[in-house]
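Reading through the structure tokens given below for one structure.
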Amino acid sequence: MTVTTASPKTTAHYEYVCVAISGAAVLGLEILGTRVLAPFYGAGLYLWTALLVVTLAALALGYLLGGQWADRGPRGDVSR
């Protein structure tokens with residue numbers, strides 16, 4: 001049985017596509033959150049600030065936990 005691996009260029013392309021899709025999903029959820037909460041609290045500065053704080057805090061926590069999880073694994077090529 002022959003195992004083929006993707007070239008680093010192909011792997012980097014998939015990583016960029018994944019990052020773009022996840023960024024668009026986070027932005028969509030942020031705008032959806034504004035649409036859901038606006039009838040109750042208004043679409044003012046405080047609502048946008050609160051949603052940005054929650055979004056950025058969740059992203060930071062995810063990056064922290066993901067970094068710790070990645071550091072537990074064996075060293076080597078990070079794109080594998």
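A few notes on this one:
- Shape analysis of the stretch 12-69 based on the Cα gyration tensor places the equivalent ellipsoid semi-axes at 27, 15, 7 Å, largest first.
- Restricting the stretch 18-78 to trypsin sites (Lys or Arg not before Pro) in coil, as DSSP defines it, with at most 11 other Cβ within 10 Å: Arg75
Computed from the coordinates by the stated procedures, all read-outs in this text should not be read as laboratory data. Predicted model, so just to flag it, every value in this text is computed and none were measured. Don't worry about glycine lacking a Cβ; one is built from the backbone with ideal geometry, like all the others, and counts go over all protein chains shown.
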